[in-house]
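The values are calculated or read from the model by the stated rules, or taken from the named source; none is laboratory data. None of the values given here were measured: they were computed from a predicted structure. Cβ atoms come from the backbone with ideal geometry, glycine included; neighbour counts cover every protein chain shown. SASA here: full protein model, heavy atoms, side chains in, ligands and nucleic acids out. Shrake-Rupley method; radii C 1.70, N 1.55, O 1.52, S 1.80 Å.
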Amino acid sequence: MNKALSILLLLAALAASLPSDARAQDGEAVQADSTREVVRIIRFAGNNHVADRTLEDLIRTHTNREFLGIPRFTPWYFLHRLTGRFGEPPALLDRATVATDMERIARYYQTLGFLDAAVDTNIVEFKSNRVEVSFLIREGPRSTISTLAYTGMPALPDEVEGNLQAFYRNSPLTREQVDDTTFRVDRPYSQNDLRNEQTRIINFLKNRGFASIRNDSVNVLVRRDSADASTLDLLFTVRPGSLYTFGDLHISLQGPDRQVEYDQHDTLSGPPQTTGGTRILMEKESEAQTRFSLLTDQILFQPGEVFNNERYIRSINEFQNLGMLNIRQFGLSEDGSLPDFSRPEIPVMFSLQTLPRHALNFNLFGMRRYGFGSGAGVTYTNNNLFGKAENLRLSMNGSFEYVRSETIREIAADSAGQGFSGSLFRSFEVRSEYTLPRLIFPFASLDDRLFFSNARTRYSLAFTRSNQLLFDINSDVRFNLRYEIQHNPRHSSFLDLVELDVLDTDPSPEFRQSLQQEYGEDSFEYQRILEDFRPQVSSILRYTFRSQRTDLIKRNYGYFSEYSISMGGNVPWLVDRLIVTPDTLEGNLPSPIRTSDNSLTYSRFLKATADYRRYIPLTNDAVFAYRGFIGLAYPYGKSTTIPLNQRFYAGGSNDIRGWDFYSLGPGSIPLDEVAINGGDIKLLAQTELRQQLIPNLIGANWIGAWFADAGNIWYGPRTEFPGPGASRPAPDDSGVFSVDGGSRPAPEEGKFRFDRFYKQIAVGSGLGIRIDWDYVVARFDFAFRVHDLQDGWLQNRKLYFSFGIGHSF
């Protein structure tokens, strides 16, 4: 009560502090409210098949915005009444708008099959100048489609017999076939389904030569059953127009300058480029520095063949995805004007312009970690290296950091009697990336197929050396060969044919000494850290499939899914078996560039992940989202561990909120007993309810969210770690790898067991705020540990805060 009184006094003081003209406006606003009717309640009656929220989104009559959906709780409206300036003006009744809303509701019902639906209204003044608007709906019976037939579909001479029948059968509307063109449907009438079928017919014919077909070329005739007026027979009537072929293709390419002077020309005719006497006419400026063959490589149709609208549109996309030019104009005519359907051939035109070829960027930065430092970098980009849209990027970065002797003594264990001087720590990295806008060996033959046409081949190579506090990286060599394919706007594939990482490290004696001081020389944690930071080589063969239909920033509708499977360690295993010591498995490799005498260990494993996310709009301002993730990794052969960078982790602002990254799991092992986190198995489930609270404040929508996250990670059944005094792994007489000094199995409480894993599911829940600008979302979350694996259910009262950019999932 005291808090409420304080808020009222604060608002009163705010109103009193306003200038006189603001108070006058307040008086005018109150007077306006007293003479005009304010809509306070909207009701719907008789809507048995349509939810109130759907109808609320449909109409234009509305109340003032309600806080958290609480009826008649409109604080922004009351703030406006108090101040006359801030908040939300009253939602006034407009009877003309109500009449229009009645028509909207009736039309909407008709689209759902309630063809005889009727709508009336009742407006009641329940308080002085405060009204309730009720929409009274008589839905009537819902119509059902009994049969669906097609007429006017043209003969398709270039199609195999029966293709048209397959087109009919593949319709989401048709079921049992009655005759060649008639099918049983037996489903509720829906205008949206009929529009989708109309679009399907148009696309089918446009991709088979009937370029002039339009929406008004496909109509639906409806016949009511004489015995039951709610039973309908539908007939699609099609006027496809004439059959067309691609005519001459005109391509022009100018350089990055505005002046246009085409000084290079080429003409192609005859197989394999064209048929039927058509030509490809090309012209370009020498400043474009591009080969003619690049232009023809992007064309997915052949001049002279039957018109195919999908291949024409995909060719446009091919040019757009090159990344080294802009499309100035395109069209189905020689000059980009409207198509001329009076001739059987349709010419095609593309007008293109290249972007600047070279780019050079410099950057300087400062840093503060253990001491003070600085660094610099330079990046060179060539976006058309050999004239066929090859992209080359070269970068070089270096940094240094001076750390005082006092800092080193604080970090290094048992350093009281040792002499340390200040040190200058350095790092250096060189990186190159080369991208081709096409598939190469062994997949080059797929590049001409429509499903693989939008593809890239990407090479990357990086070399790093680093001299850091207590830890040196003699060399870190990373190589990747990746194929990227955008099959269509929804589906993508990524194949990492080779992902190789060679890490040669030298932990200093002080590094080991610091670990011994903290964990003990014979401790499991000490051995585990050394195992994770050992010199090693890893390789990955991975395929990833991604499917999405959502706005990746807003994430307010549709879905996102990603599935991957990978195999690791086979490249170093083959080198070990066939090259270094033929027919003998050493279990390690020498450093390839001889920067040290270290032996590099490796692991072989299989790994699979599945990630599915769904976004369900509840209203225009509310979204319910959920996510499920499962990940499995399994070492095989002689390996018993998964490399550090391939393990699963739990916790963090994008995972199970309430736990920091690396701070949860494996299993129920307490955090202070886990030195290096990561598991072979991961389960994760997340839900989130988002409700817009304040629109367009400082250019952003403010969204409130309630969330709940659950999951954990576990060690797998084969996981083992080096024991006390262990050194590098070596094979015994039977060829089985062991570790000098023995090995230890993973702690039992961290392993996945079917009879107890569900007891080790951590649960976090809480509230958050999202500040949603057009291109970025800032996220603030406050979480409680509903199920803390050490404290139990609802025993941890601590509030945990996390910040992130973008939605959590």
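With a cap of 13 neighbouring Cβ atoms within 10 Å, and only residues DSSP puts in a loop, list the chymotrypsin sites (Phe, Trp or Tyr not before Pro) found in segment 257-347.
Taking segment 257-347 and a limit of 13 other Cβ atoms within 10 Å, the loop chymotrypsin sites (Phe, Trp or Tyr not before Pro) found are F341.
Cα centroids of segment 548-593 and segment 466-526: how far apart, whole angstrom?
That distance is 13 Å.
Mean separation of Cα pairs under 8 Å and 6+ residues apart, divided by the residue count of the chain: what relative contact order is that in percent?
Reported relative contact order: 6 percent.
Using helices alone, what [θ] at 222 nm do you get for the chain, with -39,500 (n - 2.57) per DSSP H run of 4 or more residues, divided over all residues and rounded to the nearest 500?
Estimated from H runs of four or more residues: -5000 deg cm²/dmol.
Take the alpha carbon gyration tensor of segment 113-208, find the square roots of its eigenvalues, order them as a ≥ b ≥ c, and report rounded if a/c is under 1.5; if not, report prolate when a/b exceeds b/c, else oblate.
Prolate, since a/c reaches 1.5 and a/b exceeds b/c.
Counting only the heavy atoms of the protein chains, how much of L794 is accessible to a 1.4 Å probe, in Å² to the nearest 10?
110
For segment 557-693, with every protein chain kept in place, what is the accessible area per residue (1.4 Å probe, Å²)?
Each residue of segment 557-693 exposes 42 Å² on average to a 1.4 Å probe.
Within 10 Å, count the other beta carbons around each residue, average over each peptide in 391-402, 237-248, and list them highest first.
Result, highest mean first: 237-248, 391-402.
For segment 155-225, with every protein chain kept in place, what is the accessible area per residue (1.4 Å probe, Å²)?
Spelled out: the 1.4 Å probe surface of segment 155-225, per residue, equals 57 Å².
Taking the alpha-carbon centroid of each part, what is the distance from segment 382-396 to segment 750-807 in angstrom?
44
Read through the labelled values (i) 55, 44, 30; (ii) 51, 32, 26; (iii) 46, 34, 27 and report the label of the one computed as semi-axes √(5λ) of the Cα gyration tensor in Å from the structure.
Given (i) 55, 44, 30; (ii) 51, 32, 26; (iii) 46, 34, 27, the structure-derived one carries the label (i).
Using a 1.4 Å probe over the heavy atoms of the protein chains, calculate the carbon and sulfur portion of the accessible area of the chain as a whole percent.
On the way: 22040 of 40930 Å².
Whole-percent figure for carbon plus sulfur exposure: 54.
What residue among P172, P271, A96 has its Cα farthest toward the positive end of the dipole of the chain, where the charges are +1 on Lys, Arg and -1 on Asp, Glu, each on the Cβ?
A96
Would you mind getting the accessible area per residue of segment 89-134, heavy atoms of the protein chains only, 1.4 Å probe, in Å²? Can you show the working numbers first?
Details: 2200 Å² over 46 residues.
Using a 1.4 Å probe on heavy atoms only, each residue of segment 89-134 averages 48 Å².
For S427, what accessible area in Å² do you get when you roll a 1.4 Å probe over the heavy atoms of the protein chains, rounding to the nearest 10?
40
Could you tell me the center-to-center distance, by alpha carbons, between segment 288-330 and segment 169-194 in angstrom?
Cα centroid of segment 288-330 versus Cα centroid of segment 169-194: 37 Å apart.
Below 8 Å, C-alpha to C-alpha, sequence gap of six or more: please give me the relative contact order for segment 288-377 in percent.
Details: 96 pairs, mean separation 17.2, N = 90.
Here the relative contact order equals 19 percent.
Run the dipole for the chain about the Cα centre, Lys and Arg Cβ at +1, Asp and Glu Cβ at -1, nothing else charged, and hand back the magnitude in debye, nearest 20.
Numbers: 87 positive and 98 negative charges, 300 e Å.
In total the dipole reaches around 1440 debye.
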